[in-house]
Amino acid sequence: MSHHSPLDQIDRENVASLEVAWSYDAGEASEHDVSQIQFNPLVVKGVLYGASPSLRLFALDAATGEELWSFRPTAGGNAWNANRGVVYWEDGDDERLLFGAGPFLHAVDARTGLPVSEFGNGGRVDLREGLGRDVSGDLMGVVATTPGTLFEDLLLLGGRVNETEGAAPGHVRAFDVRTGEIRWTFHTIPQPGEPGHETWPAEAWRTAGGANAWAGISVDQERGLAFVPTGSATPDFFGGARAGDNLFANTLLALDARTGERRWHFQVVRHDMWDRDLPAPPNLVTILREGISVPAVAQLTKTGDTFLFHRETGEPLFPLREEPVQTPGLPGEAPAVSQPLPTRPPAFVRQHFSLDSVTDRSPEAANSVTSRLEGVHFGPLYTPPSLGGTVAFPGLDGGAEWGGGAWDAETGLLFVNANDVPWILRMVQFGDEADSLSAQIAQGYLYQCSACHGLDMSGDGGPIPSLVDIDERLGFLDLYRLIRDGRGRMPGQAGTLEWWQSAAIAWWVYYAEEEDVPSNWAQNAGDSKRFGNAGYQKLLDADGLPGSKPPWGTLTALDLSAGEIRWQVPLGDYPKILEAGRRGLGAENYGGAVVTTGGLLFLAATPDERFRAFDKLTGNVLWEAELPASGFATPATYEAGGRQFVVIAAGGGKLGRPSGSHYIAFALPETD
């Protein structure tokens with residue numbers, strides 16, 4: 001995984017002349033459902049493959065943007081998960097695309113867009129099967145968000161699972177690209193007799209979930225090694241039922257790509273209580289030590305750290321230190337006493353929150369943030385979740401995110417765009433029983449809905465909508481059907497709730513008055529030791545901007561051989577900042593970069609709807625273009641018809657930005 005292109009037709013000298021070469025509207029953008037496109041286009045033999053917001057796969061002439069064919073999955077096509085890419089495989093005249101939509105892995109003929117009938121069941125494999133556990137009651141089960149990785153005739157694949165109690169296990173599996181059969185499985189929640197089983201309760205392998213490789217897998221083809229980053233065990237923020245370090249959650253695994261046998265591993269977070277998944281595929285890099293080239297693997301983290309290991313042995317290439325965990329945590333919790341961190345390179349985001357961290361944008365903004373911090377815990381990086389709230393800095397998304405890093409062997413630099421904003425992690429204690437029918441129904445909302453929509457039903461101001469005044473936007477039966485069936489990114493609850501339970505939650509959301517909301521959700525907790533997230537909440541000021549001092553988003557060049565930051569610049573701006581006549585404060589960003597031999601780094605990712613080209617040696621912006629919607633995706637650059645193009649999916653739909661559906665390709669002006 002490098003995000004590097006050898007193309008150099010577009011370079012520092014001429015990049016300012018880039019213009020739109022073609023534009024393709026994939027359609028299906030939905031303002032109501034806040035649709036997105038996170039797809040990294042793939043170009044093979046002059047054909048560009050992309051996906052629409054509803055996961056319709058299509059093929060375009062890469063030189064003109066003309067549609068060649070379209071494939072709509074028979075099920076899962078309107079799934080609530082994003083898709084970040086597709087895999088191409090060929091053997092002679094057999095050319096296939098491996099494409100994930102909802103819980104299904106599809107094989108599609110790359111020339112015609114028709115299903116490959118001999119793959120799986122009529123052209124698709126159900127990822128919920130073959131887990132050794134029935135997950136039919138969990139409508140999420142396993143979904144393919146990030147594309148798999150090819151090794152010979154195997155597709156190595158993880159997947160996204162629920163982040164709550166009862167989630168599916170995060171097995172890593174290798175599928176035969178011809179038949180769809182599972183060739184090997186690695187249990188990230190070890191079973192009896194497997195290494196790591198002792199780091200869990202004895203029966204956890206039967207019921208525990210998560211520890212899934214959702215971010216993507218990198219393969220060293222020469223050495224036959226697959227490098228697999230995993231996420232946290234579930235539930236995310238309370239581990240009372242999963243005492244121990246919980247291998248192989250939050251771990252970089254090196255597996256034999258042919259057999260799935262473990263070669264080495266390193267656990268980045270022990271007994272995770274902060275949802276600190278490894279958020280990006282590792283980069284395979286080469287560093288210099290005393291003039292000798294060393295094969296290495298670099299793993300970026302949500303905390304803003306870069307772990308560097310010898311690819312073959314797993315030996316850390318810079319010394320590590322242990323960061324204390326602020327104990328004891330919630331009742332029934334057993335935190336690890338410390339967590340490993342690299343001494344070099346330096347963290348590329350801030351990791352400690354104090355009152356000195358509060359925004360200085362204006363006195364009013366600072367006062368509004370300070371008032372929100374009353375009763376909230378904050379301090380070092382690993383401050384545990386609490387009932388009063390704990391500041392997570394960087395926020396729960398990171399730090400580094402799924403866009404990952406771009407590695408440039410020519411300069412020895414790893415480029416990473418990152419978020420640098422605080423969130424509040426507030427927990428609520430689940431009660432044993434409620435003392436009234438209204439309170440019982442309220443607890444149903446608490447268990448099923450509050451982790452996303454919040455205790456106050458206000459959502460997150462982005463893709464998770466507010467439920468306040470839902471009666472002005474939906475009829476009651478429409479709301480009930482939405483809870484039952486799901487829509488957009490929201491999974492349906494038909495497999496986990498009885499019809500009357502869904503109806504009761506719909507009634508409570510639709511008709512409850514303010515006085516019906518329990519003033520203390522934990523008032524009937526009794527001796528319960530169950531805790532859950534009270535909703536994803538950013539620490540914002542009164543204007544809805546981050547509550548910390550800027551920059552709020554950055555682009556950083558890391559010199560991996562020296563273990564130093566070569567340069568760092570603010571990345572993007574919030575529209576509100578631009579409207580106020582300011583710029584250069586940075587903004588949250590989603591999607592990765594591509595670096596070229598032409599000396600450039602192409603990156604969108606920001607809410608200001610800009611696509612930029614940076615000088616990879618300095619971080620200076622050399623070109624930018626306005627997009628029809630924010631490009632929360634990773635671009636691609638390719639050559640077609642003798643011209644170099646760079647293309648980005650402008651899907652919007654995050655950070656409060658409107659949704660879009662266009663793919664925009666840029667190139668230098670044609671010459672006679």
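Here are the numbers for this structure:
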{"read-out": "In the range 190-249, residue farthest from THR306 (Cα to Cα) [restricted to those that are polar (S, T, N, Q) and in a loop (DSSP other than H, G, I, E, B)]", "value": "GLN191"}
{"read-out": "Complete set of residues in the range 13-27 that are surrounded by fewer than 18 Cβ atoms within 10 Å (Cβ to Cβ), assigned to a loop (DSSP other than H, G, I, E, B) and over 30 Å from the mean Cα position of the chain (by Cα)", "value": "GLU13, ASN14"}
{"read-out": "Some residue of the range 100-110 being crowded, with 22+ Cβ neighbours inside 10 Å, within 29 Å of ALA625 (Cβ to Cβ) and in contact (Cβ under 8 Å) with a residue 24 or more places away in the chain", "value": "no"}
{"read-out": "Looking only at the range 28-44, and only at residues there that are of a type in the set (Gly, Ala, Ser) and surrounded by 17 or more Cβ atoms within 10 Å (Cβ to Cβ), the one that is modelled with the lowest pLDDT", "value": "ALA29"}
{"read-out": "Options THR606, THR596, THR671: the member that is within 22 Å of ASP8 (Cα to Cα), polar (S, T, N, Q) and buried (at least 24 other Cβ atoms within 10 Å of the Cβ)", "value": "THR596"}
{"read-out": "Unique residue being surrounded by fewer than 24 Cβ atoms within 10 Å (Cβ to Cβ) and closer than 29 Å to THR306 by Cβ when the list is SER354, SER368", "value": "SER354"}
{"read-out": "Residue in the range 168-183 that is buried (at least 24 other Cβ atoms within 10 Å of the Cβ), small (Gly, Ala, Ser), assigned to a loop (DSSP other than H, G, I, E, B) and within 23 Å of the chain's Cα centre (by Cα) present", "value": "yes"}
{"read-out": "Filter result for ASP478 (over 24 Å from VAL376 (Cβ atoms), acidic (Asp, Glu) and at pLDDT 70 or above)", "value": "yes"}
{"read-out": "Any hit, the range 49-56, residues being over 23 Å from the mean Cα position of the chain (by Cα), touching a residue at least 12 places away in the same chain (Cβ under 8 Å), within 19 Å of GLY651 (Cα to Cα) and assigned to a strand (DSSP E or B)", "value": "no"}
{"read-out": "2 or more residues in contact with a strand residue (DSSP E or B) (Cβ under 9 Å, 6 or more places away or on another chain) and of a type in the set (Asp, Glu): qualifying strands (runs of 3 or more DSSP E) within the range 578-670", "value": "621-626"}
{"read-out": "Extreme residue, nearest to GLU410 (Cα to Cα), among residues of the range 10-23 that are in contact with a Ser or Thr (Cβ under 9 Å, 6 or more places away or on another chain) and of a type outside the set (A, V, I, L, M)", "value": "ASP11"}
{"read-out": "Pair list, Cβ under 6 Å, 6 or more apart: the range 310-335 residue on the phi > 0 side of the Ramachandran plot, other residue not hydrophobic (A, V, I, L, M, F, W, C)", "value": "GLY329/PRO335; GLY329/PRO384; GLY332/GLY240; GLY332/LYS529"}
{"read-out": "Pair list, Cβ under 8 Å, 6 or more apart: the range 219-242 residue within 19 Å of HIS3 (Cα to Cα), other residue aromatic (Phe, Trp, Tyr) and in a strand (DSSP E or B)", "value": "VAL219/PHE151; VAL219/PHE227; ASP220/PHE227; GLN221/PHE151; ALA226/PHE151; VAL228/PHE186"}
{"read-out": "Matching residues, the range 354-372, being hydrophobic (A, V, I, L, M, F, W, C) and in contact (Cβ under 8 Å) with a residue 24 or more places away in the chain", "value": "VAL358, ALA365, ALA366, VAL369"}
{"read-out": "Output for the range 392-426, where each listed residue is part of a strand (DSSP E or B), modelled with pLDDT of 95 or more and of a type in the set (D, E, K, R)", "value": "ASP408"}
{"read-out": "Test: residue in the range 561-570 that is of a type in the set (Val, Ile, Thr), over 28 Å from VAL647 (Cα atoms), at pLDDT 95 or above and surrounded by fewer than 24 Cβ atoms within 10 Å (Cβ to Cβ)", "value": "yes"}
{"read-out": "Condition check for THR303: of a type in the set (Val, Ile, Thr), part of a loop (DSSP other than H, G, I, E, B) and in contact with a Pro (Cβ under 7 Å, 6 or more places away or on another chain)", "value": "yes"}
{"read-out": "Any hit, the range 122-134, residues being within 25 Å of the chain's Cα centre (by Cα), under 19 Å from TYR49 (Cβ atoms) and assigned to a strand (DSSP E or B)", "value": "yes"}
{"read-out": "Cross-chain or 6+ apart pairs with Cβ under 6 Å, the range 390-414 first and closer than 26 Å to ARG372 by Cα, then of a type in the set (Lys, Arg)", "value": "GLY398/LYS302; GLY399/LYS302"}
{"read-out": "Search result, residues across the range 254-297 that are over 22 Å from GLY405 (Cα atoms) and β-branched (Val, Ile, Thr)", "value": "THR259, ILE292"}
{"read-out": "Selection within the range 620-635 - within 20 Å of ALA418 (Cβ to Cβ), touching a residue at least 60 places away in the same chain (Cβ under 8 Å) and either in contact with a Lys or Arg (Cβ under 9 Å, 6 or more places away or on another chain) or surrounded by fewer than 15 Cβ atoms within 10 Å (Cβ to Cβ) (or both)", "value": "PHE632, ALA633, THR634"}
{"read-out": "Residue within the range 67-83 that is in a loop (DSSP other than H, G, I, E, B), under 26 Å from ALA625 (Cα atoms), at pLDDT 95 or above and not β-branched (Val, Ile, Thr) present", "value": "no"}
{"read-out": "The range 505-549, subset in a helix (DSSP H, G or I) and more than 30 Å from GLY239 (Cβ to Cβ), residue modelled with the highest pLDDT", "value": "ALA506"}
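The values are calculated or read from the model by the stated rules, or taken from the named source; none is laboratory data. All values derive from a computational prediction rather than experimental measurement. No Cβ is skipped: glycine too gets one built from the backbone with ideal geometry, and neighbour counts run over all protein chains shown.
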